[in-house]
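Nothing in this text is a laboratory measurement; each read-out follows from the coordinates by a stated rule. What you are looking at is a predicted structure, and each value in this text was computed from that prediction instead of being measured. Cβ: placed from backbone, ideal geometry, glycine included. Neighbour counts: every protein chain shown.
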Amino acid sequence: MSKKRVLITGGAGFLGSHLCDRFLKEGYRVIAMDNLLTGSLNNIEHLFKEKDFEFYHNDVSKFVHVPGELDYILHFASPASPIEYLKMPIQTLKVGSLGTHNLLGLAKAKNARILIASTSEVYGDPLVHPQTEDYWGNVNPIGPRGVYDEAKRFQEAITMAYHTFHGLETRIVRIFNTYGPRMRLDDGRVLPAFIGQALRGENLTAFGDGSQTRSFCYVDDLVEGIYRLLLSDYAYPVNIGNPDEITIKEFGEEIIRLTDTKSKIIYKPLPEDDPKQRKPDITKAQEILGWNPTFSRSEGLKPTLEYFKKVVQG
Ligand code: NAD
Ligand code: UDP
């Protein structure tokens, strides 16, 4: 039997590159497609020697052409950190809308199954806690985060439309804050920001009073959940994340302990529309996919810290 072929957009990014690793390990032929807007070839350079790996340098918001057969598409291209989508609002809106439309069209033409990367941000600043998939969210469409949140909400809507109207095989994963090696030190997300500051002996910048919460999932657990969802027959959104919730202040204290630094936590203004609490309800993933996170934060932070130490030392 010939090997299945999968296209991963955003394949040179943090999550995309880990997905490339996983699908190659599972015996697929993998195409990573990326315009290197926020990603880097460093994340996939170890794969260029693999005969089953190809890289296409392409902006998926403009057009997508892939010769030959495709069995699966995973659409992960998009700026993903708040400071990046604030810097690139139009590209963010385009990749979630036009880019998704292009990839749905490609999936239809190739008769491929497509999984799209949605986010806990579709819940906005949630009024339901923990967040279940049937919660519709509390999003400010014209606030600074609107460019990302609404692009992802549109992405879900058009994906469901292709499913119901064209009968396309679609999957939607709502990803909650995920971390691990290959995150960028300067992407502004709290984990690389705190670790970078701690390793350089600088003070950790908590926004607001640090009482807002997040729930951090290690990348290998996320990839396992995505792999299971893709191969399942479930077309509705599924939360994947680790429900172990922590305040940003406590998280800063944890990083200070782990890095054994003299740094302190200092407080900066809270960005507009910053969600106050976030924790996934993962009942669906447990019941439908038999999935549970397996890495505790201390287990996941070990390889992550090792990675960032190397990056900081250059
Ligand atoms: P990332 O920035 O590391 O990766 C995104 C990749 O997409 C980059 O390599 C970038 O160059 C590429 N890209 C952006 N626009 C493109 C375009 N128009 N054409 C082709 N490539 C393009 O971010 P990430 O953390 O790996 O996130 C990947 C996906 O997962 C995103 O869709 C993001 O919204 C989603 N997500 C991530 C998280 C998380 O915690 N990391 C949480 C929720 C959702
Ligand atoms: N945050 C912080 N200090 C930083 C960066 C972020 O306190 O240097 C806070 C941010 O305000 C938010 C949380 O940490 O409440 C998570 O932010 P991140 O940018 O990682 O992602 P988000 O979950 O908000 O999309």
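Students often forget the sequence filter, so: which lysines lie under 19 Å Cα-Cα from Lys87 once same-chain residues fewer than 8 apart are removed?
By straight Cα distance, Lys87 reaches Lys152.
Please list, or write none, the aspartates and glutamates whose alpha carbon is within less than 12 Å of the alpha carbon of Lys94, excluding same-chain residues fewer than 8 places away.
The reachable aspartates and glutamates, counting only those whose Cα sits under 12 Å from Lys94, are Asp59, Glu150.
Given the C-alpha centroids of the range 145-162 and the range 240-314, what is the distance between them in whole angstrom?
Measuring centre to centre over Cα atoms gives 26 Å.
Only Lys, Arg, Asp and Glu count, each charged at its Cβ (+1, +1, -1, -1), so figure out the dipole size of the range 189-298 about its Cα centre, rounded to 20 debye. Don't skip to the answer; put the middle values down first.
Details: 14 positive and 17 negative charges, 73 e Å.
Using only the charged Cβ atoms, the result is roughly 340 debye.
Rounding to the nearest 10 and keeping the result within 0 to 90°, find how far the Cα-based axis of helix 248-259 lies from the longest principal axis of the chain.
80 degrees
Translational diffusion coefficient, Stokes-Einstein: compute it for the chain using the Kirkwood radius over C-alpha pairs as Rh, at 20 °C and 1.002 mPa s, and state it as an integer in µm² s⁻¹. Intermediate values should be presented prior to the final figure.
On the way: Rh = 19.8 Å.
The Stokes-Einstein estimate is 108 µm²/s.
Taking amide H positions as placed 1.01 Å from N in the peptide plane, with prolines and chain starts having none, which residues 5 or more places from Arg171, or on another chain, fall under 5 Å of its amide H?
For Arg171, whose amide H was placed from the backbone, the distant partners under 5 Å are Ile114, Leu115, Ile116.
In whole percent, what relative contact order does the range 134-250 give with Cα contacts below 8 Å and a gap of six or more residues?
Details: 118 pairs, mean separation 35.5, N = 117.
The normalised contact order for the range 134-250 reaches 30 percent.
Using the Cα centre as the reference, give the magnitude of the dipole from point charges on the C-beta atoms of the range 3-48 (Lys, Arg: +1; Asp, Glu: -1; all else neutral), rounded to the nearest 20 debye. Could the numbers behind the result be given before it?
Values: 6 positive and 4 negative charges, 64 e Å.
My answer is approximately 300 debye.
Helix 100-110 versus the longest principal axis of the chain: what angle, 0 to 90°, nearest 10, using Cα atoms?
30 degrees
Run the numbers for Phe48 and Lys264: contour at 0.36 nm per residue of separation, minus the present Cα-Cα distance, in nm.
Details: separation 216, 0.36 × 216 = 77.76 nm, distance 4.21 nm.
So the extension gain works out to 73.6 nm.
Given 4 °C and 1.567 mPa s, compute D for the range 223-314 with the Stokes-Einstein relation, Rh being the Kirkwood radius over Cα pairs; round to the nearest whole µm²/s.
D = 80 µm²/s.
Can you give me the relative contact order of the chain as a percent, contacts being Cα pairs under 8 Å and 6 or more apart? Write out the running numbers ahead of the final one.
Working: 630 pairs, mean separation 53.5, N = 314.
Computed value for the chain: 17 percent relative contact order.
Provide the per-residue ³J(HN,Hα) series for the range 205-216, in order, calculated from phi with Karplus coefficients 6.51, -1.76, 1.60 and θ = phi - 60°, each as a whole number of Hz, with x at glycine and proline positions.
So the J values, rounded to whole Hz, are 8, 8, 8, x, 9, x, 8, 5, 10, 9, 9, 9.
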